Structures are given as C-alpha cells and as structure tokens.
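Input: a single structure, listed below in structure tokens.
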Amino acid sequence: MDPLIEGYRRFRAETWPAERARYEALAHWGQSPETMVIACSDSRVDPQTVFGAVPGELFVVRNVAALVPPYEPDARYHGTSAALEFGVKVLKVARLVVLGHGQCGGVRAMAYGAPPQARDFIASWVEIGKPALAAAGPAEQGRLGRIEAEVVRLSLANLKTFPWIAEAAAAGRLALQGYLFDVHTGVLASVGPDGLEPIE
Ligand SMILES: [Zn+2]
C-alpha cells in the first residue's frame, strides 16, 4: 500500500470531518494568514507542526537552508522572492518568520560543499549564505551550529533589502522574527542579534 494514499485516507476519515467547517470557510472567504514562514525543506522541520498551526494560519515557503536571497528584481526565476511578494503585498501578512534548524544539510553544503552527486543547483543557491560563514568564524568546534544561527540572521537582514518589506517593517506593519528548531530536543529558540533564547 502506498503510504501517501494511506495517509490521505486517514485524513479523509479522521481529519476532514473534524476540520471540514474550517476548510469550507477558508474556501469561501479565501486565506488570510497573519504569518508567513520561510523554512527549510528538511522533512523533520514542518512549520505547521512546530508551531502547532492549523490550515489557513501560515503562508509557507520552504527551500534549501531557509535562505532569503537579497532583493534582485531581474528576469531570473526567484521562487522565494515571488512567495515573499505574494505574502507581503497581496496577503499583507503581519509577521515574517525565518525558521532555521539544527543538522541542516543545506548549511552543511554551505560550509563544506554540495554533495558530489548534486552539483547543478545547490552550490550556487547556498552561495547566498557566504556572509553567514564569515560571521560564524573559523573555529571548527560548534561551527555548523553557529552558521545555522548566522544563516537565520542573514535571511532576516536580506528580507530588509526588499524595499516593500523594509518600508512595512519601519512603519510597524510587519514584524520580522528568527527561530532555530533543534531536531534532537524539539526545542525552539529565538534568534536574537546576540544569541539564542530558548522558548519556554
Ligand atoms: Zn535544512
């Protein structure tokens, strides 16, 4: 049996009857999530699970290493920036959250190179994180963890290179927040300018 189809059948049998009214309201009124999350594609770090959210609450874009690229309005394919444009300009979310995590394969590729069998896109994508490598310093002890936190700070800084994000943040209409999720312990920490603050 296909585990996806089995999961879908559980969803139809158990979740759908309980959540039907919510889905119908979302279909009728459209979505109006208050929060947009930029997260990693890692299968262990699902924002809806980590934040205990329900359908309609989070507008999510996931990519390798939860990176926000700098604002580059050229003719190239900017998936993350397109999602940001929709979330901020159309949905008018009140909060942008960058959710990084421990044991991030994307951060590992940033620090030590992309896997040899995956050379087409990862290496150039994680180039965005170069300033985070410098900020994390050269010492090997705990280096990946320091880079993971710096990547969240970098993504938050890059968000402000989007003029309409900087403007909304300055006007107090948009809050920017960074978090790191530890897969081992399940603990979420707030990423501040000076350090990590575990959420009680
Ligand atoms: Zn990751």
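The values are calculated or read from the model by the stated rules, or taken from the named source; none is laboratory data. As the structure is a prediction and not an experimental result, all values here were calculated from the model. Backbone-built Cβ (ideal geometry, glycine too); neighbour counts: all protein chains shown. Side chains are part of the model used for accessible areas, which takes the heavy atoms of the whole protein and leaves out ligands, DNA and RNA. Shrake-Rupley method; radii C 1.70, N 1.55, O 1.52, S 1.80 Å.
Details
- Stretch gain in nm, segment residue 171-residue 199, where the contour uses 0.36 nm per residue and the Cα spacing is subtracted: 7.4 nm
- Close amide H pairs (under 5 Å, H built 1.01 Å from N) link residue 178 with 98, 191, residues at least 5 positions away or on another chain.
- Protein heavy-atom accessible surface, 1.4 Å probe, per residue over the stretch 117-177: 55 Å².
- Two-site label geometry, residue 16 and residue 190: point separation in nm, points 7 Å out along Cα→Cβ: 4.1 nm
- Backbone N within the stretch 7-24 under 20 Å of label point (7 Å from residue 1 Cα along the Cβ vector): 7-18
- Student exercise, the stretch 1-122 dipole from Lys, Arg, Asp, Glu Cβ charges, in Debye to nearest 20: 60 debye
- Here the Kirkwood formula puts the hydrodynamic radius of the chain at 18.1 Å, using every distinct Cα pair.
- Helix 143-159 axis, angle to the chain major axis (alpha carbon atoms, nearest 10°): 70 degrees
- Compared with the dominant Cα axis of the chain, that is its longest principal axis, helix 16-29 is turned about 80°.
- FRET efficiency for residue 91 and residue 117, using Cβ-Cβ distance with R0 set to 45 Å, rounded to 0.05: 0.75
- Taking every alpha-carbon pair under 8 Å whose residues sit at least 6 apart, the chain reaches a relative contact order of 21 percent.
- GNM result for the chain, Cα springs below 10 Å: residue of 49, 161, 35 fluctuating most strongly: 49
- Simple label model, 7 Å out from Cα along Cβ direction - residue 160 to residue 139, nm: 2.7 nm
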